[in-house]
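To keep things clear, I will list the structure first and then write my remarks on it.
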Amino acid sequence: MTVTIPEKERFSLSAFLVRDAPARFLLSWVAGFVDTAAFIVLFGIFTAHVTGNIALAGSAFASSDPQTTILRLSMLPVFMLSVALTSLLAKFTRKQGWAVLPVLLSAEAIALGIFMVVGLQFSTTLLVDVQDELIFPIAVSGVIAMGIQNALMKEAAASFTGYFPTTVMTGNFTQFTIDLVHYLSAKLSKQTEATKAEAAEAIQKLKLTSPLLVGFFLGGTGAAYFVPSAEFWCLAMPLLAVSLLAVAAYIQVDLTKTS
């Protein structure tokens, strides 16, 4: 369900937040923040970029560390289960005639809250005595939260201008580079209607990917800055960001129904 913005609410905060660029930026910022924070505190476990755990598992296996290998590989089925449950939730939501975006954002906010609580519960002991049995529940709760966001961008893609992942930037950076080449090539070529159209199309695509890349970078940088001093309390910031997006999405859906 596409979230339309009534004319009278066009400049409201809720309308602004659910627009393409702000929403993409905030969700990418959340993913960059959570992934970096978890990687630092959990001694090298990815929660958003879960396939990165495969490489780390291979490294642990080569180092004859089976316990760490199993810990990292276990994040993959957890991620798959999270995505599957989110997809089922989206299917149920559509069946009920509800808007998918605010429901899935709410689910992610709840999951991030659980991640923070679990992290606060175990992280103090973890800093004193590094144990995989303490890392596991924290990592699982983080992977679940980011699994929801991964599925959200697919299941609620109709709310945005096309699908762009907000948790892994490799594909987005590839697309950004290709579009940049197309734009520069068109601008440096003889100006015709075709080259002008190519440049305009490339600019539109660059506007879609730029907020994702900037948001993820700033999120990762923010986590690297706040984790050493605030530890898991710093997750209150991405939790607040997702909660604001959820509230904004609900407001806009209500406005659409009453307009």
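The values are calculated or read from the model by the stated rules, or taken from the named source; none is laboratory data. The structure presented is a predicted model; accordingly, all values stated were derived computationally and were not measured. Positions of Cβ are generated from backbone atoms using ideal geometry, with glycine treated the same way; all protein chains shown enter the neighbour counts.
Listed values, structure above:
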{"read-out": "Qualifying residue in the stretch 36-44 (condition: of a type outside the set (S, T, N, Q) and more than 21 Å from Gly119 (Cβ to Cβ))", "value": "no"}
{"read-out": "Test: residue in the stretch 13-27 that is exposed (fewer than 15 other Cβ atoms within 10 Å of the Cβ), assigned to a helix (DSSP H, G or I) and within 22 Å of the chain's Cα centre (by Cα)", "value": "yes"}
{"read-out": "Residue match in the stretch 15-22 (condition: among the charged types (D, E, K, R) and modelled with pLDDT of 80 or more)", "value": "yes"}
{"read-out": "Cβ-Cβ under 6 Å pairs, at least 6 apart or on other chains, the stretch 241-259 side more than 14 Å from Ile110 (Cβ to Cβ) and at pLDDT 90 or above, far side assigned to a helix (DSSP H, G or I) and among the hydroxyl-bearing types (Ser, Thr, Tyr)", "value": "Ala248/Ser14; Ile251/Ser14"}
{"read-out": "Answer residue from the stretch 143-200, given it is closer than 21 Å to Val103 by Cβ and β-branched (Val, Ile, Thr) and is surrounded by the fewest Cβ atoms within 10 Å (Cβ to Cβ) among those", "value": "Thr161"}
{"read-out": "Among (1) crowded, with 18+ Cβ neighbours inside 10 Å; (2) assigned to a helix (DSSP H, G or I); (3) at pLDDT 85 or above, the one test that Thr47 misses", "value": "(2)"}
